[in-house]
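Engineer: One structure follows; several queries about it will come next.
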Amino acid sequence: MNVLSVASECAPLVKTGGLADVVGALPAALAPEGVHMRVLLPGYPQVMAAVTQHGVALEEADLFGGPARVLYAEGPGHPDLLVVDAPHLFARAGNIYLGPDGQDWPDNPERFAGLCWMAARIAAEGVGGWVPDVLHCHDWQGGLVPEYLRRFMPDRRAPTVLTIHNMAFHGSTSAERIGILRLDPSRFNTGGYEAWGRVSALKAGLIGADRLTTVSPTYASELLREEFGMGFDGLMRARREDLVGILNGIDEDAWNPAADPDVTPYGTPEGKAENKTALRREFGLPDGNGPLCVVVSRLTSQKGLDLLIEALPSLLARGGQLALLGSGDGWMEEAFRRAAQGGQVGVRIGYDEALSHRMVAGGDAILVPSRFEPCGLTQMYGLRYGTIPVVALTGGLADTVIHASPAALAAGVATGIQFHPITAEALRGALLQLCDLYAEPETWARMQRNAMAQPVGWGRSAVAYARLFRDLSARA
Ligand code: ADP
């Protein structure tokens, strides 16, 4: 069973968020299921620098403005990559999606169309005798694959799966680009890739893929509702039979408290103590009696951290502390910097993988107050490290945490705290409950042990993906 994964990110080579973790983890998770997955990745500078090239698989004289090749390549954790080497599209420094002005690169539509175009060619022609049975496309950057397959494989199309990691990003552009993007103008309509008078790469995928998946069962059902569908809830309802939620796992080797090179390793909750002391020291926080909370996140309104800014005084008043690592919206970075002036809050603006491990290991609780969260990974890191998640009741946060309700506490199965509605008031209530639970050492230790025992790896989900791919290729 051969599957080509078409994605704009892949950990550890290039990552801006959870998409990279999932794309990076799937090939190894699926191998035991008999699926040979190869990732097709843009040749950004960091990718080209990290991989060893093993020859040219395909050449294209003009890939949306310049010559391109698909290379066989090998990189850290990925022995079997395919890389689109197209310097005019990908050889530029800085963020993979944003220019130095913080805005999307103006040619993002062409850049990821280039990725999809080469994916369709691989499906049609194969590379070195390897032909994918299924194409697994991710988010809008992989959305145009079904459109290009129509062109390269008019008679028999390879089956496609589109995984929605975040419905908020539509990859839309002006209809004037239809020709430039080599799209079929007759499909610029409601049943095709048109959305609100523009070309939407996400819509192309939502319409054209044979099956749709998203990264948690709750987000799959939320996508059918206006509040979460981002304008595509009607389309999702029309395709509900083809939509399934498969929960993300985490990389249990990279996130293993007993063998994490970035922390003092531990196998029981008691082992966190040294890491907590070290974390306080690193963030310049004094000792305290309340819970040390951590946040590792993009700082955007999706993540609901503005609610935390409002609710924070109640946590601090109870002796709690906060250590935050993140970057994003300037006003939010500024607000947390201001909060840090009181001495009980430590803030690092930036992206730092090793520090994120030290924070998850050293924190008592990890806060994820997202307004919507397709799956979320950091609450699962928290579970594995005995760091109690305090999360909004939405998406994958609803599917991975067992709320400390009276019933769950009585049954001894709680792993965290969930709050709803997603408001500062409800978050404040959750933080106060956190302080109460933290003050009961036995209950707290029980929750930590429960958390550390939760299955958060890829096991069950890898089986679900493999079954989906197999079903599809059997029907093709
Ligand atoms: P999203 O993909 O929406 O950003 P996820 O929770 O699915 O949210 O994945 C975020 C991933 O990025 C996690 O692996 C998290 O640890 C990591 N991450 C986010 N911000 C930072 C940061 N500032 N430093 C290090 N890692 C970060």
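The values are calculated or read from the model by the stated rules, or taken from the named source; none is laboratory data. This structure is a prediction, so every number in the text was calculated from the model and none was measured. All Cβ positions, glycine included, derive from the backbone under ideal geometry; neighbour counts span all protein chains shown.
Engineer: Among the residues of the range 240-260, is any of a type in the set (F, W, Y), in the same structural domain as M380 (by TED's automatic domain parsing) and farther than 30 Å from C116 by Cβ? Walk me through how you get there before you give the answer.
Structural biologist: Going residue by residue through the range 240-260, those that are of a type in the set (F, W, Y) are 255.
Within this subset, residues satisfying the condition of being in the same structural domain as M380 (by TED's automatic domain parsing) are none.
No - not one qualifying residue is present in the range 240-260.
Engineer: Next up: Have a look at L397, L383 and point out the one that is assigned to a helix (DSSP H, G or I), more than 12 Å from the ligand (Cβ to nearest atom) and either closer than 19 Å to A220 by Cα or out of contact with any Lys or Arg (no Cβ under 7 Å at 6 or more places or on another chain) (or both). First the steps, then the outcome.
Structural biologist: On the way: L397 fails: more than 12 Å from the ligand (Cβ to nearest atom).
Answer to the selection: L383.
Engineer: Another question, then. Considering each residue of the range 1-37, count those that are within 16 Å of the ligand (Cβ to nearest atom), out of contact with any Asp or Glu (no Cβ under 7 Å at 6 or more places or on another chain) and not small (G, A, S), and give that number.
Structural biologist: Final tally of qualifying residues: 7.
Engineer: Another one. Is at least one residue of the range 355-370 within 11 Å of the ligand (Cβ to nearest atom), surrounded by fewer than 19 Cβ atoms within 10 Å (Cβ to Cβ) and not hydroxyl-bearing (S, T, Y)?
Structural biologist: Yes, there is a match, as at least one residue in the range 355-370 is within 11 Å of the ligand (Cβ to nearest atom), surrounded by fewer than 19 Cβ atoms within 10 Å (Cβ to Cβ) and not hydroxyl-bearing (S, T, Y).
Engineer: Let me ask something else. Among all residue pairs at least 6 apart or on different chains, which show Cβ distances below 9 Å where the first residue, located in the range 133-149, is in a helix (DSSP H, G or I) and the second is acidic (D, E)?
Structural biologist: Short answer, once both residue conditions are applied: Q141/E9; P146/D210; E147/D184.
Engineer: Restricting the search to the range 24-46, which residues are over 15 Å from L468 (Cα atoms), more than 19 Å from the chain's Cα centre (by Cα) and hydrophobic (A, V, I, L, M, F, W, C)?
Structural biologist: The answer is none; no residue qualifies.
Engineer: Could you pull out the residue among R92, R38 that is in contact (Cβ under 8 Å) with a residue 12 or more places away in the chain and part of a loop (DSSP other than H, G, I, E, B)? Break it down stepwise before answering.
Structural biologist: Numbers: R38 fails: part of a loop (DSSP other than H, G, I, E, B).
After ruling out the rest, the residue left standing is R92.
Engineer: Go through the range 276-312 and report how many residues are away from the ligand (no atom under 16 Å from the Cβ), polar (S, T, N, Q) and either crowded, with 23+ Cβ neighbours inside 10 Å or over 13 Å from A361 (Cβ atoms) (or both).
Structural biologist: So the answer is 1.
Engineer: If you scan the range 313-339, which residues turn out to be away from the ligand (no atom under 12 Å from the Cβ) and among the hydroxyl-bearing types (S, T, Y)?
Structural biologist: Scanning the range 313-339 gives a single hit, S314.
Engineer: Among the numbered criteria (1) within 30 Å of W196 (Cβ to Cβ); (2) outside any helix (DSSP H, G or I), which one does F228 miss?
Structural biologist: The one condition F228 does not meet is (2).
Engineer: I'd like the full set of residues that are surrounded by fewer than 16 Cβ atoms within 10 Å (Cβ to Cβ) and on the phi < 0 side of the Ramachandran plot, limited to the range 123-167.
Structural biologist: So the first thing to find is which residues in the range 123-167 are surrounded by fewer than 16 Cβ atoms within 10 Å (Cβ to Cβ), and the list is 125-126, 128-131, 150-151, 153-156.
Of everything in the range 123-167, those that are surrounded by fewer than 16 Cβ atoms within 10 Å (Cβ to Cβ) and on the phi < 0 side of the Ramachandran plot turn out to be E125, W130, V131, R150, R151, M153, P154, D155, R156.
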